[in-house]
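Every number here is computed from the coordinates shown, using simple stated rules; none is lab data. In this text, all values refer to a predicted model and were calculated from it rather than measured experimentally. Neighbour counts run over all protein chains shown; Cβ positions are idealised from the backbone, glycine included.
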Amino acid sequence: MAGHSKWANIKRQKAVVDAKRGKTFTQVSRAIIVAARTGVPDPALNFQLRTAIDKAKAAGIPNENIERAIAKGAGTFFGDNTSLEEIRYEGYGPSGVAILIEALTDNRNRTAADLRAAFSKNGGNLGETGCVSWMFSQKGVCVVQNVVDEEQLLEASLEADAESYETSDEIAEVFTEVANLENLSQTLKAKGFSVTDVELRWIPSNSVEVTEPDQARSLLKLIDTLEGLDDVQNVTANFDMNEQLMTASIT
């Protein structure tokens with residue numbers, strides 16, 4: 001999981017840039033719509049919706065926008081006939097890196113065409129359903145800030161039936177089964193930990209080491225291009241890369 005968490009740290013830095021170009025607003029609003037549609041439109045009774053709302057508030061999305069997104073998901077927003085569906089796409093990037101893309105779209109033909117173009121222009125190819133998903137398993141993740149006592153974090157994580165955790169610079173990522181994510185989040189908060197993000201994440205069972213600078217730049221450009229598409233909610237890849245090469249390739 002180390003390489004994946006390293007990439008997660010980079011993605012948190014990139015989120016600042018995404019927010020500036022409005023990408024975060026679109027992503028989070030759509031996440032609220034889907035959460036309200038697939039469960040009850042009451043955040044007190046819908047953990048997925050509550051988590052999406054927390055992310056929306058953290059991103060500075062106005063309350064009226066949040067309420068509108070909930071109404072759209074619940075089907076009570078007058079005049080909105082948009083029907084979003086969740087689709088997972090799969091493909092390969094430079095160096096044979098496996099890539100999973102989670103999308104929310106009202107036009108799957110447009111989304112597939114945009115993804116295919118992004119792959120072909122950046123040294124990759126969009127694959128068939130199932131070509132790489134077998135390499136990943138979905139886990140629940142709690143991101144905890146300002147961890148000063150790792151022993152206390154370990155005790156709380158074990159109490160909440162977490163599977164593993166990683167720490168770096170007083171930031172920890174605690175992993176658990178998807179069905180246990182709400183319990184883990186509530187337990188960590190009750191123990192006084194600062195849980196700043198709660199999410200579902202695809203974790204690769206193996207990783208591809210990327211060491212060649214040109215391949216690294218192409219791969220990161222591909223991922224950035226994919227994440228820049230309006231219909232894309234999340235991109236996950238199974239590469240590992242040292243931090244110096246990653247930083248040099250992003251700039």
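If you find the alpha carbon centre of the range 134-156 and of the range 214-242, how far apart are they in angstrom? That distance is 24 Å. Taking Ser133, Ser205, Ser29 in turn, the Gaussian network model of the chain (Cα-Cα springs below 10 Å) assigns the largest fluctuation to Ser205.
Fully extending the segment from Asp230 to Ala117 would add 39.3 nm, taking 0.36 nm per residue of separation and subtracting the current Cα-Cα distance. Largest GNM mean-square fluctuation across Gln152, Gln48, Gln233, computed for the chain with C-alpha springs under 10 Å, falls on Gln152. Note on the chain: with a GNM built from Cα contacts shorter than 10 Å, the maximum mean-square fluctuation among Ala98, Ala113, Ala216 falls on Ala113.
With contacts defined as alpha carbon pairs under 8 Å and 6 or more residues apart, what's the relative contact order of the chain in percent?
On the way: 399 pairs, mean separation 54.0, N = 251.
For the chain, the relative contact order is 22 percent.
Which residues does the label zone of Asp214 cover in the range 81-110, counting backbone N under 14 Å from a point 7 Å along Cα→Cβ? Output list for this probe position: 94-95. Rg of the Cα atoms in the range 29-145, relative to 2.2 N^0.38 Å, amounts to 1.25.
Which FRET efficiency value, to the nearest 0.05, is calculated for Thr129 and Glu182 with the Förster distance at 22 angstrom and r the Cβ-Cβ distance? Write down the numbers at each step before the final one.
Details: r = 29 Å, r/R0 = 1.33.
After rounding to 0.05, the efficiency reads 0.15.
For Phe239, the residues 5 or more places off, or on other chains, whose built amide H falls under 5 Å of its own are Val208.
Greater than 31 Å separation of Cα atoms is the criterion. Which listed pairs, Lys72/Lys121; Lys72/Lys139; Lys57/Lys191; Lys72/Lys191, meet it? Before the final figure, lay out each step's value.
Numbers: Lys72/Lys121 35 Å; Lys72/Lys139 28 Å; Lys57/Lys191 23 Å; Lys72/Lys191 36 Å.
Table pairs above 31 Å Cα-Cα are Lys72/Lys121; Lys72/Lys191.
Toward the positive end of the charge dipole of the chain, with +1 on the Cβ of Lys and Arg and -1 on the Cβ of Asp and Glu, the farthest Cα among Leu100, Asn242, Ala172 is that of Leu100. Taking Cβ atoms as reference points and 14 Å as the exclusive limit, the residues near Ala179 contribute a net charge of -3, counting Lys and Arg as +1 and Asp and Glu as -1. Taken about its Cα centre, the range 104-198 carries a charge dipole of about 840 debye when Lys and Arg each add +1 at the Cβ and Asp and Glu each add -1 at the Cβ.
Using packing as a proxy for protection, rank 85-93, 158-166 so that the peptide with the highest average count of other Cβ atoms within 10 Å comes first.
Details: 85-93: 18.8, 158-166: 16.1.
The packing order, highest mean first, is 85-93, 158-166.
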